Structure formats: structure tokens, C-alpha cells
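Note sheet for the following structure.
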Amino acid sequence: MTDPDFEGDLGLTVDGPVATLWLNRPAKRNAVTQEMWGGIADQVHSVPEDVRVLVLRGVGDHFCAGADIDGLGEVSMADYHAINQRADDALAGFHGPTLAYITGSCVGGGAQLALACDLRIADDTARFGITPARLGILYPAFAVERAVRVIGPSATKHLLYTAEIVDAERALRVGLIDELLPSDEAPARLEELTATLVARSLLTQVGSKAMVDACVEGESIPADLTGSWLDELDAGPDFPEGRAAFAEKRAPRFSWRPGTH
């Protein structure tokens, strides 16, 4: 796939049920400026409601080399972290599955953005690091929390303490990414995976996302959350359609959307 040409540092493309949010500073390995952090949140919030899957990727050879160092120090670190969190919260709160497609550098703030997505796939050019120890600063608390949830405390401490850059095989081993592909196979896998996600029940995906996130944050799924999703299932069209498709030996055509029942 040829990367699209955007005028700004961010771009959004929509192809039917799949939207792609592009980081567009290839000359800077897609390092994120202070303005881009807020822009990421705005772009996510602008995604049409009928989009099922959101992909985050970089233009060119790199996903994201982290925060643009030139922007650090313009505001207090607390204010900078608050700006960062807007992007993180927007990605984590998107109404459907989110997927980071990682090539080249995925470092610092880039790792933060990737971890805010539900799923992460990478090709064998990808390199990862969480590098505030090279600058003498602190990684945002919300980003540390998310890293611990995804890869555990020991792997998080190793990346934070050493600021080492690790290869994609190491990232796969510690759970930082979900799939690792050869670079010539990764684009086809991205297309295949997004098509699979679109074909499945959005009710199942969104309900599962809510329950998994609740479990990670509170170690148990609240009964009222479970009950509300069971009510949604009973009132919605997806289970009857799934059951009918199974009986008729055909692919299901799921139609549930948030807020329709």
C-alpha cells in the first residue's frame, strides 16, 4: 500500500468500516509534537460512527520515534503529561477495536500510543523502547500503569530503567506486541486482520473490551456491567443472526451498533 499524502502532521483516511489515523512527520520518524498530542484526540473523536476498526500507523518507515524533544520544556511536565493523556484516553476509549501497525521505531511516546491500542502487530523492522531515563524525565503515570497491565512490572521496569532499544522478537516475548510478521508479509496480514475484525460481532467486541478493561483495572468485572451487556445482547440483533447463520452454514451479517438498543 502506498502511503497517502497529507498536508498536516496527522491524517485520517476512511475505507468503509476501517479508519486509519496516520502520524505524518516521516522526516522526524513521526515524532509527536505538543500540538499533535491534542490533534490525535481530535482526529479519533472525528471518526465516523459507522467505522468499526481504527488503525494507528506512521507514514514512511517508522511508527513513531516518541515525543519531539524540541517541545519538551515549553510547558510544565505535568501540563505536558495532561496533553499526552488526551491522546491516550481517546485511543483507549474508541468505540471499536483499535490496532497499532508498527514498523521501524516505536519508542517513548510511540510506545505509549501503541499501548493505548487494543492490539499491536509489527514487522521485523520494528524496534521498541521506553526512554525517559535518557533525558532524566518521568514517563506519564497513566502510561506506566498501562505498560504494567500489558507487559507486567518486571518488563516495564527493565525498559524504564535501562532505556534500551529492543527488537521485535523481544517485544513479542514480553507481550508488547501480539503478532510479529516478516516485513513483506505484514501489509497483507494487516488487511486480513482488519477484515476479520469487521466481520465479527461488534457487540461482542465492545462488550468484551468493557469487561476486559474493567477486569484489568479492578481485578473483577462488576455485576452491573455484566448485566448491562447481557441485556444488550438479549435486545440486540447479533445473537439471533449468529445463530441463524450457524444453522444455515453461511457467514453472519452482524448489525449491532452502539446506542441502537
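No value in this document is a laboratory result; all are computed from the given coordinates. Treat the numbers as computed from the prediction; the structure is a model and nothing was measured. Cβ placement follows ideal geometry from the backbone for every residue including glycine, while neighbour counts extend to all protein chains displayed.
Report the chymotrypsin sites (Phe, Trp or Tyr not before Pro) located in the stretch 153-261 that are in a DSSP loop and have at most 14 other Cβ atoms inside 10 Å of their Cβ, or state none.
none
Output needed: percent of Cα pairs per 10 Å distance bin for the stretch 201-248, bins running from 0 to the one holding the longest distance.
Values per bin, smallest distances first: 26, 45, 22, 7, 0.
Return the sequence-ordered ³J(HN,Hα) values of the stretch 235-242 in whole Hz as given by the Karplus equation 6.51 cos²θ - 1.76 cosθ + 1.60 applied to θ = phi - 60°, using x for Gly and Pro.
Per-residue couplings from phi come out as 8, x, x, 6, 5, x, 5, x Hz.
Expressed as a whole number of Å, what is the distance separating the alpha-carbon centroids of the stretch 144-197 and the stretch 51-86?
18
HN-Hα J couplings of the stretch 142-157 from phi, Karplus 6.51/-1.76/1.60, θ = phi - 60°, integer Hz, Gly and Pro as x?
Each residue of the stretch 142-157 in turn: 5, 6, 4, 4, 5, 4, 4, 5, 7, 10, x, x, 5, 5, 5, 4 Hz.
Quick one: 3J(HN,Hα) in Hz for the stretch 163-171, Karplus 6.51/-1.76/1.60 with θ = phi - 60°, rounded, Gly and Pro as x.
Taking θ as phi minus 60°, the curve returns 6, 6, 9, 10, 7, 5, 5, 5, 4 Hz for the stretch 163-171.
Please rank S46, S228, fewest neighbouring Cβ atoms within 10 Å first, as an exposure proxy.
S46, S228
Sort I69, I177, I121, I102 so the one with the fewest other Cβ atoms within 10 Å of its own Cβ comes first.
With the sparsest Cβ surroundings first, the list reads I69, I121, I177, I102.
List K28, K157 from most exposed to least, where exposure is judged by having the fewest other Cβ atoms within 10 Å.
Exposure proxy ranking, most exposed first: K157, K28.
Using all alpha carbons of the stretch 10-198, what is the percent of pairwise distances in each 10 Å bin, ordered from the shortest bin to the longest?
Reading upward from the zero bin: 10, 40, 39, 11, 1.
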